Amino acid sequence: MDSLIESYRERCRAESLEENILQLDLLKELSKFKKESELNLIQKFLVLIAKTSYKKCFYIHGTVGVGKTLIMDLFFSNIKESRKKRIHFHEFMIDTHDSLHNIRKNNSKIKDNSFLIRTYAKSLKKDFDLIFFDEFQVTNIADAMILGQLFIELFDLNIKIVLTSNDKPKDLYKDGLQRELFLPFIILIESNSNIFNLNIKKDYRISGIDRDEIFFSPISNENYKTINELYKNLIDGHEPKDIKIEIKKRSFEIKKFANNVARFNFNELCGQPLGSEDYLKLIQNIKTLFLENVPAFSDDNVDKQERFITLIDILYDNEVKLIMSADKSLENFTSSRRLDLKFKRTCSRLSEMKSQDYWRNNQ
């Protein structure tokens, strides 16, 4: 039996998970991709002579809670290649911008962006032949303009890519600024990728979730008192302080910090121009976040909603516990029209984050 399939079935038995035919099909395709990636030079030459092309990217897309992370866990651990890296796409793009900035600084006379990106890609090749991206998505023009050239260089250097996304390739950066400049990247991905739609109707993350109250709505004095009691219990007698951290020479304040617990009003984290880098720096210091007074979302506060989505992604990916008060209950959260699909994933993650399993597993 294929070792990847065997690992999947062992995981299902150990964790009482339901085997899914589509997940098994995906694992079989990933096994083929793995074998193609491990061809030696003679085998690759024979493939070239036979004019049989093999893809350099495996693109998995599907809606929330269908097991993309489970599949990535299994596949990554099953790869014997030591020159591999797995990273959340948020973090990768932060690293990319930082690296390009440093390369530009050290080559001030060179104005060609292609040179900068090529140099960066070569630096990745020194360490990695295989890169896994979790939660691949494109949300801003700066990232969109880099990705086309970067992936061309990665493919030319024979770096294999495996990624998961909620979006089909053709829906990436949908309705984004100057999207027509991004379309060549979509063509590049479609022509160089095995694309698998993990289209399972069931959201496994919210099956069997306990609804113990750590998310509070509506915003009321009664709920505020309960939150105060929870906060007092979690800081366990430590004295709360506001502490300052520095992010690229910018000062950022962590509110009411004690015993790895921080407490923020929604507008302090999502009502000002903060992004992934700020949130990633924040969660290095905390294990539990209180986020209070989350509003209903609509087309009128779409920027705040987008930051909220980014914040929840980072909390979830880094297993930070969340206690939240909101204008609407989780089941009745509203969304702006532009972010409606993306927000469904956020609500699914929030459902899992309020479960006893999430809290128990992230002690």
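Per-structure values
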read-out	value
Residue selected from the stretch 160-192 under the condition hydrophobic (A, V, I, L, M, F, W, C) and closer than 12 Å to ALA144 by Cβ, by the criterion farthest from the chain's Cα centre (by Cα)	LEU181
Residue that is surrounded by the most Cβ atoms within 10 Å (Cβ to Cβ) [pool: residues in the stretch 20-54 that are modelled with pLDDT under 90 and acidic (Asp, Glu)]	GLU36
Set ASP327, ASP313, ASP242: member being assigned by TED's automatic domain parsing to the domain that holds SER351 and under 24 Å from ALA142 (Cβ atoms)	ASP313
Residues of the stretch 55-83 that turn out to be surrounded by fewer than 20 Cβ atoms within 10 Å (Cβ to Cβ), under 18 Å from the mean Cα position of the chain (by Cα) and either of a type in the set (Ser, Thr, Tyr) or assigned to a strand (DSSP E or B) (or both), as a count	2
Any hit, the stretch 12-19, residues being modelled with pLDDT of 90 or more and either part of a loop (DSSP other than H, G, I, E, B) or touching a strand residue (DSSP E or B) at 6+ places or on another chain (Cβ under 8 Å) (or both)	no
Subset of the stretch 327-346 [within 21 Å of ASN223 (Cα to Cα) and not in a loop (DSSP other than H, G, I, E, B)]	LEU330, GLU331, ASN332
Scan of the stretch 88-146 for residues that are under 14 Å from SER165 (Cβ atoms) and of a type in the set (Val, Ile, Thr), ordered by number	VAL138, THR139
Identity of the residue in the stretch 264-286, without any contact (Cβ under 8 Å) to a residue 24 or more places away in the chain and under 23 Å from ASP98 (Cα atoms), that ends up surrounded by the most Cβ atoms within 10 Å (Cβ to Cβ)	GLN272
Hits in the stretch 302-315 (condition: out of contact with any Leu (no Cβ under 9 Å at 6 or more places or on another chain) and crowded, with 16+ Cβ neighbours inside 10 Å)	LYS304, ASP313
In the stretch 160-174, the residues that are surrounded by fewer than 20 Cβ atoms within 10 Å (Cβ to Cβ) and in contact with a strand residue (DSSP E or B) (Cβ under 9 Å, 6 or more places away or on another chain)	ASN166, ASP167, LYS168, PRO169, ASP171
Boolean, ILE161 is part of a helix (DSSP H, G or I) and under 29 Å from ILE309 (Cα atoms)	no
Residue list for the stretch 347-359, restricted to those being modelled with pLDDT of 85 or more and either assigned to a helix (DSSP H, G or I) or farther than 14 Å from THR288 by Cα (or both)	CYS347, SER348, ARG349, LEU350, SER351, GLU352, MET353
Among residues of the stretch 136-148, those that are surrounded by fewer than 18 Cβ atoms within 10 Å (Cβ to Cβ) and more than 16 Å from the chain's Cα centre (by Cα), counted	3
Helices (runs of 4 or more DSSP H) (entirely within the stretch 216-290) containing at least 1 residues that are modelled with pLDDT of 90 or more and in contact with a Phe, Trp or Tyr (Cβ under 9 Å, 6 or more places away or on another chain)	221-235, 266-270
Identity of the residue in the stretch 149-159, under 26 Å from ASP317 (Cα atoms) and either out of contact with any Asp or Glu (no Cβ under 8 Å at 6 or more places or on another chain) or of a type in the set (Ser, Thr, Tyr) (or both), that ends up surrounded by the most Cβ atoms within 10 Å (Cβ to Cβ)	LEU154
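A quick yes/no check of all residues on (1) within 16 Å of PHE33 (Cβ to Cβ); (2) at pLDDT 90 or above:
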position	(1), (2)
GLY62	no, no
LYS68	yes, no
LYS85	no, yes
SER99	no, yes
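Yes/no per residue for (1) closer than 25 Å to ASP242 by Cβ; (2) surrounded by fewer than 16 Cβ atoms within 10 Å (Cβ to Cβ); (3) touching a residue at least 24 places away in the same chain (Cβ under 8 Å); (4) of a type in the set (S, T, N, Q):
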site: ALA296; (1), (2), (3), (4): no, yes, yes, no
site: ASP317; (1), (2), (3), (4): no, no, yes, no
site: SER335; (1), (2), (3), (4): no, no, yes, yes
site: TYR358; (1), (2), (3), (4): no, no, yes, no
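The values are calculated or read from the model by the stated rules, or taken from the named source; none is laboratory data. What you see is a predicted model; the values in this text were computed from it and never measured. Every residue, glycine among them, receives a Cβ derived from its backbone with ideal geometry; neighbour counts consider all protein chains shown.
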